[in-house]
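Okay, so here's the structure we're looking at.
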Amino acid sequence: MTAIFLPPDAGTLLPFLGTTMTVKAGGEETGGALSVIRSDCPPGFATPRHVHHNDDEAFYVLSGTVQVHCEDETWEAGPGGFILLPRGRPHAFVNRGDGLLSMLQLTWPSGFEHFAAEVAALPPGAPDPALLAEVGARHGYEILGPPPPR
(Lines give C-alpha, C1' and ligand atoms only; values in the text may rest on other atoms or scores of the structure.)
Protein backbone atom coordinates (compact mmCIF):
# COMPACT_ATOMS: atom_id res chain seq x y z
CA MET A 1 0.00 0.00 0.00
CA THR A 2 1.00 3.59 -0.54
CA ALA A 3 -0.24 6.74 1.13
CA ILE A 4 -3.00 8.53 -0.77
CA PHE A 5 -4.68 11.93 -0.55
CA LEU A 6 -7.98 12.88 -2.14
CA PRO A 7 -9.46 16.37 -2.10
CA PRO A 8 -13.09 16.60 -0.90
CA ASP A 9 -14.82 16.02 -4.26
CA ALA A 10 -12.39 13.39 -5.59
CA GLY A 11 -13.08 9.68 -5.98
CA THR A 12 -14.96 7.40 -8.32
CA LEU A 13 -18.62 8.47 -8.63
CA LEU A 14 -21.17 5.67 -8.96
CA PRO A 15 -24.95 6.07 -9.37
CA PHE A 16 -26.28 3.44 -6.99
CA LEU A 17 -30.03 2.73 -6.78
CA GLY A 18 -30.96 6.42 -6.74
CA THR A 19 -28.02 7.55 -4.60
CA THR A 20 -24.57 8.81 -5.46
CA MET A 21 -21.64 6.87 -4.07
CA THR A 22 -18.13 8.26 -4.20
CA VAL A 23 -15.52 5.56 -3.72
CA LYS A 24 -12.67 7.14 -1.77
CA ALA A 25 -10.64 3.95 -1.29
CA GLY A 26 -11.16 0.29 -2.04
CA GLY A 27 -9.25 -2.94 -2.03
CA GLU A 28 -6.62 -1.72 -4.46
CA GLU A 29 -5.71 1.21 -2.21
CA THR A 30 -6.03 -0.62 1.13
CA GLY A 31 -4.50 -3.99 0.35
CA GLY A 32 -7.95 -5.58 0.50
CA ALA A 33 -8.58 -4.38 4.04
CA LEU A 34 -11.31 -1.76 3.63
CA SER A 35 -13.73 0.08 1.36
CA VAL A 36 -14.41 3.75 2.12
CA ILE A 37 -17.38 5.29 0.31
CA ARG A 38 -19.28 8.53 0.70
CA SER A 39 -23.00 7.89 0.17
CA ASP A 40 -25.36 10.77 -0.68
CA CYS A 41 -28.98 9.64 -0.38
CA PRO A 42 -32.00 11.76 -1.39
CA PRO A 43 -35.06 12.12 0.85
CA GLY A 44 -37.12 8.93 0.90
CA PHE A 45 -34.28 6.67 -0.18
CA ALA A 46 -34.42 3.23 1.45
CA THR A 47 -32.42 0.05 1.02
CA PRO A 48 -34.15 -3.32 0.88
CA ARG A 49 -33.70 -5.47 3.96
CA HIS A 50 -30.48 -7.36 3.32
CA VAL A 51 -27.53 -9.11 4.90
CA HIS A 52 -23.79 -8.94 4.26
CA HIS A 53 -22.32 -12.44 4.47
CA ASN A 54 -18.65 -11.56 3.93
CA ASP A 55 -18.10 -8.06 5.32
CA ASP A 56 -18.87 -5.83 8.27
CA GLU A 57 -20.35 -2.38 7.61
CA ALA A 58 -20.33 0.92 9.46
CA PHE A 59 -21.85 4.33 8.79
CA TYR A 60 -20.68 7.70 10.07
CA VAL A 61 -23.33 10.36 9.40
CA LEU A 62 -21.98 13.57 7.86
CA SER A 63 -25.31 15.39 7.36
CA GLY A 64 -29.01 14.58 7.54
CA THR A 65 -30.57 11.80 9.59
CA VAL A 66 -30.56 8.09 8.91
CA GLN A 67 -32.97 5.55 10.36
CA VAL A 68 -31.35 2.13 10.59
CA HIS A 69 -33.25 -1.11 11.12
CA CYS A 70 -31.09 -4.00 12.32
CA GLU A 71 -32.95 -7.20 13.19
CA ASP A 72 -35.52 -6.07 15.83
CA GLU A 73 -33.83 -2.74 16.64
CA THR A 74 -34.30 0.71 15.10
CA TRP A 75 -31.92 3.64 15.56
CA GLU A 76 -31.85 7.21 14.28
CA ALA A 77 -28.54 8.97 13.85
CA GLY A 78 -27.77 12.55 12.85
CA PRO A 79 -24.45 14.26 12.12
CA GLY A 80 -21.66 12.60 14.06
CA GLY A 81 -23.74 9.46 14.68
CA PHE A 82 -22.09 6.10 14.13
CA ILE A 83 -23.65 2.70 13.40
CA LEU A 84 -21.80 -0.63 13.27
CA LEU A 85 -23.46 -3.57 11.53
CA PRO A 86 -21.57 -6.86 11.90
CA ARG A 87 -21.81 -9.33 9.04
CA GLY A 88 -24.71 -11.75 9.19
CA ARG A 89 -27.12 -9.22 10.77
CA PRO A 90 -30.16 -8.41 8.59
CA HIS A 91 -30.56 -4.65 8.19
CA ALA A 92 -31.84 -1.76 6.09
CA PHE A 93 -31.67 2.02 6.27
CA VAL A 94 -33.92 4.91 5.28
CA ASN A 95 -33.52 8.66 4.77
CA ARG A 96 -36.77 9.81 6.35
CA GLY A 97 -35.65 13.47 6.37
CA ASP A 98 -36.50 16.27 3.97
CA GLY A 99 -32.89 16.82 2.88
CA LEU A 100 -29.91 14.94 1.57
CA LEU A 101 -28.41 12.28 3.84
CA SER A 102 -24.62 12.05 3.54
CA MET A 103 -22.71 9.24 5.23
CA LEU A 104 -19.28 7.75 5.19
CA GLN A 105 -19.72 4.02 4.60
CA LEU A 106 -16.95 1.67 5.68
CA THR A 107 -16.92 -2.03 4.83
CA TRP A 108 -14.21 -4.52 5.70
CA PRO A 109 -12.71 -6.44 4.16
CA SER A 110 -12.91 -4.48 0.92
CA GLY A 111 -15.09 -5.46 -2.01
CA PHE A 112 -18.29 -3.46 -1.64
CA GLU A 113 -16.96 -1.05 -4.27
CA HIS A 114 -17.11 -3.88 -6.86
CA PHE A 115 -20.76 -4.59 -6.03
CA ALA A 116 -21.57 -0.87 -6.24
CA ALA A 117 -19.81 -0.60 -9.62
CA GLU A 118 -21.71 -3.59 -11.02
CA VAL A 119 -25.04 -2.14 -9.84
CA ALA A 120 -24.09 1.27 -11.30
CA ALA A 121 -23.56 -0.43 -14.68
CA LEU A 122 -27.15 -1.79 -14.78
CA PRO A 123 -29.59 -0.08 -17.16
CA PRO A 124 -31.01 3.23 -15.83
CA GLY A 125 -34.22 3.16 -13.80
CA ALA A 126 -35.44 0.83 -11.09
CA PRO A 127 -33.49 -2.43 -11.35
CA ASP A 128 -35.18 -5.75 -11.82
CA PRO A 129 -35.35 -7.23 -8.29
CA ALA A 130 -34.25 -10.68 -9.50
CA LEU A 131 -31.24 -9.19 -11.31
CA LEU A 132 -30.32 -7.09 -8.28
CA ALA A 133 -30.52 -10.21 -6.09
CA GLU A 134 -28.30 -12.08 -8.55
CA VAL A 135 -25.69 -9.30 -8.59
CA GLY A 136 -25.82 -9.10 -4.79
CA ALA A 137 -25.35 -12.84 -4.38
CA ARG A 138 -22.21 -12.75 -6.53
CA HIS A 139 -20.73 -10.32 -4.01
CA GLY A 140 -21.97 -11.93 -0.79
CA TYR A 141 -25.11 -9.80 -0.27
CA GLU A 142 -28.52 -11.39 0.19
CA ILE A 143 -31.68 -9.35 -0.31
CA LEU A 144 -34.27 -10.48 2.21
CA GLY A 145 -37.23 -8.24 1.53
CA PRO A 146 -38.55 -4.77 0.82
CA PRO A 147 -37.47 -1.60 2.60
CA PRO A 148 -38.91 -0.90 6.06
CA PRO A 149 -42.50 0.41 5.99
CA ARG A 150 -42.91 4.18 5.89
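The values are calculated or read from the model by the stated rules, or taken from the named source; none is laboratory data. No experiment lies behind these values; they were computed from the predicted model shown. Note that we place each Cβ from the backbone using ideal geometry, even for glycine, and neighbour counts take in every protein chain shown.
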Just one listed residue, out of A25, A77, is under 16 Å from the mean Cα position of the chain (by Cα) and closer than 22 Å to P147 by Cβ, and it is A77
Have a look at F16, F82 and point out the one that is exposed (fewer than 15 other Cβ atoms within 10 Å of the Cβ) and either out of contact with any Gly (no Cβ under 8 Å at 6 or more places or on another chain) or under 22 Å from A121 (Cα atoms) (or both).
F82
In region 35-44, the residues that are surrounded by 20 or more Cβ atoms within 10 Å (Cβ to Cβ) and either out of contact with any helix residue (DSSP H, G or I) (no Cβ under 7 Å at 6 or more places or on another chain) or basic (K, R) (or both):
V36, S39, C41
If F5 passes every condition in (1) out of contact with any strand residue (DSSP E or B) (no Cβ under 8 Å at 6 or more places or on another chain); (2) surrounded by 18 or more Cβ atoms within 10 Å (Cβ to Cβ) but one, which one does it miss?
(2)
Apart from one, (1) assigned to a strand (DSSP E or B); (2) buried (at least 19 other Cβ atoms within 10 Å of the Cβ) all hold for E29; the odd one out is (1)
For region 80-121, give me the residue count where each residue is over 25 Å from D9 (Cβ atoms), touching a residue at least 40 places away in the same chain (Cβ under 8 Å) and in a strand (DSSP E or B).
3
Give the residues of region 18-53 that are under 13 Å from F93 (Cβ atoms) and among the acidic types (D, E), sorted by residue number.
none
List the residue pairs whose Cβ atoms are under 9 Å apart, where the first residue sits in region 49-75 and is in contact (Cβ under 8 Å) with a residue 60 or more places away in the chain and closer than 16 Å to L100 by Cβ, the second is charged (D, E, K, R) and assigned to a strand (DSSP E or B), and the two are 6 or more positions apart or on different chains.
Q67/E76
Any pair with Cβ under 6 angstrom, 6 or more apart, that starts in region 28-41 at a residue that is without any contact (Cβ under 8 Å) to a residue 40 or more places away in the chain and ends at one that is surrounded by fewer than 20 Cβ atoms within 10 Å (Cβ to Cβ) and not in a strand (DSSP E or B):
E29/I4; G31/M1
Residue set R89, R96; condition surrounded by 14 or more Cβ atoms within 10 Å (Cβ to Cβ), in contact with a Cys (Cβ under 7 Å, 6 or more places away or on another chain) and on the phi < 0 side of the Ramachandran plot; output residue R89
Among the residues of region 122-148, write down those that are at pLDDT 95 or above, surrounded by fewer than 16 Cβ atoms within 10 Å (Cβ to Cβ) and part of a loop (DSSP other than H, G, I, E, B).
G140
